[in-house]
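**Q** The structure is given below, and queries will be raised subsequently.
Just so it is clear, none of the values below were taken in a lab; they were calculated from the coordinates. Keep in mind it's a predicted model, so treat the numbers as computed, not measured. Note that we place each Cβ from the backbone using ideal geometry, even for glycine, and neighbour counts take in every protein chain shown.
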Amino acid sequence: MNLAKVCFLLFIIVSLSSVMATEDDSEISLLAPKVFIDCGRCDFDYIRTEINFINFVIDRKEADIHIIITDRETASGGMEKTLTFIGQRRFHSKNDTISYMTNQGDTWDEERTKMVKYFKMGLMSYVARTSVAGVTDIAIEYTGPDTYIIQEDEWDNWVFRVNLGGFARGEDAKRHRNLDGRIRADRITEDWKIRLSQYLDYHEESYKIDGKTVTGISRRTDFDGMVVKSLTDHWSTGLMSEVASSSFSNTELSFSLRAAVEYNIFPYSESTRREFRIYYGLGPAYTKYIEPTVYNKLEEALVTELLSMRLEVKQPWGQIDLSVEGSHYFHDITKNRLRLNSSFHLHLVRGLSLLIRGELSRIHDQLSLPKGDTTDEDIILEMRELQTQYSYRISMGVEYTFGSTNNNIVNPRF
């Protein structure tokens, strides 16, 4: 009888503890800020698991805090991540920005752990203004103060990258093989940006048509060099060069040198959120062809001119990337090209997003086209450039999300 009473008492205590814990969790759920994370490459399950003192929502208009994540490459090959906290609703006009660095050698786990750490830091000032602050704990591991010691760099800010890759796929009637490699060297400081890159590509395709095997091989090499000088927070100037060969473009050897200037309407320091760059370049170009061209040329030296404008914006309502580029040869301005590229990802209304990507080119500068008729093999294999006056590519999609706006639960099963 005494044992039964003890068991009953323990049951009552456990039940009350469970109810109290549930009430605490419910209080946090009701009072916690609602957060929408705008990120193209984040481990959202990990973030939801590690940050349990806020409510994640799937629509930015429902959020008290809209977090936008942007990044740009650092000189050493890492990334500078910027977390922009935009207050909405009860936190209207309370904004904040936190930036931190990742290293080139960081693993995916190290990157996401660091991101969660800075998420927590940025959210503290918001959570502190709610009653949730009294019923939750925010813990951030402290590893000691960062020490910045200026040391002599034995590499003088040079960073080198070597990439080699390839693929093969096939079946009874067709086969594809590809091998490519790149060597790149960068030296980036506040005042100078130097980039040297060598690229090689070999591509082979084979098809069996009516018992006959048709094979096409494409080779390309490309060396690019660039030296850019920072003038102000809006102006920069530089020199670009290229040495290349391409069986696709009927080019045995080409060399170009271009002096250029660029103006950014917005400060370069705001490049993770908005840019409007105007670029102008001018310089000579020499080309030696593999076969005589449709203009009966085996080689020629010309002068080219290029003007481009690019607008990039990332805001709470979406992202825009729009560019237009025009170029021509001075010996005959009718030999020109106009190219338009666009990418729109817009949040139209609650739950409704529109994605449009497109590229349109007007082409009148195909000076390297070889003489002779185009064969069926040329068209099927796409191993040589074909005559055209335009090219285009467009994709469009709509996404509509509705239902529960809560997004806190993580369930990895199946």
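**Q** FRET efficiency for Leu338 and Ser93, Cβ-Cβ distance as r, R0 = 56 Å, nearest 0.05?
**A** For Leu338 and Ser93, the calculated efficiency is 0.85.
**Q** Largest first, please: the extent of the C-alpha atoms of the chain along each principal axis, to the nearest Å.
**A** That works out to 107, 61, 47 Å along the principal axes.
**Q** Here's a follow-up. Just need the Rg to Rh number for the stretch 23-134, please, alpha carbons only, Kirkwood Rh.
**A** Here the Rg-to-Rh quotient is 0.99.
**Q** Could you give the length gained on full extension between Asp378 and Val294, defined as 0.36 nm per residue of separation minus the Cα-Cα distance, in nm?
**A** Full extension of this stretch gives 28.6 nm more.
**Q** Follow-up. If R₀ is 51 angstrom, what is the calculated FRET efficiency for the pair Arg182 and Ala133, using the beta carbon separation as r and rounding to 0.05?
**A** It comes out at approximately 0.50.
**Q** Using a/c under 1.5 as the rounded threshold, could you call the stretch 187-303 rounded, prolate or oblate? The axes a ≥ b ≥ c are square roots of the C-alpha gyration tensor eigenvalues, and prolate needs a/b larger than b/c, oblate otherwise. Don't skip to the answer; put the middle values down first.
**A** On the way: a/c = 2.94, a/b = 1.96, b/c = 1.50.
Prolate.
**Q** Can you put Phe53, Phe119 in order of Cβ neighbours within 10 angstrom, beginning with the fewest? Don't skip to the answer; put the middle values down first.
**A** Values: Phe53 18, Phe119 21.
Ranked by crowding around the Cβ, least crowded first: Phe53, Phe119.
**Q** I want the antiparallel fraction of DSSP beta bridges within the stretch 23-134, as a percent rounded to 5.
**A** Looking only at bridges with both residues in the stretch 23-134, the antiparallel portion is about 75 percent.
**Q** Tilt of helix 108-127 relative to the longest C-alpha principal axis of the chain, in degrees (0 to 90, nearest 10)?
**A** The two axes meet at around 50 degrees.
**Q** Can you give the helix-only mean residue ellipticity at 222 nm for the chain, where every DSSP H stretch with n ≥ 4 adds -39500 (n - 2.57) and the sum goes over all residues, rounded to the nearest 500 deg cm²/dmol?
**A** Calculated from helices alone, the mean residue ellipticity at 222 nm is -5000 deg cm²/dmol.
**Q** With labels modelled as points extended 7 Å from the Cα through the Cβ direction, what inter-label distance (nm, one decimal) is found for Val313 paired with Asp45?
**A** Modelled inter-label distance: 3.7 nm.
**Q** Would you mind pulling out the separation of the Cα centroids of the stretch 47-107 and the stretch 190-219, in Å?
**A** Answer, in whole Å: 39.
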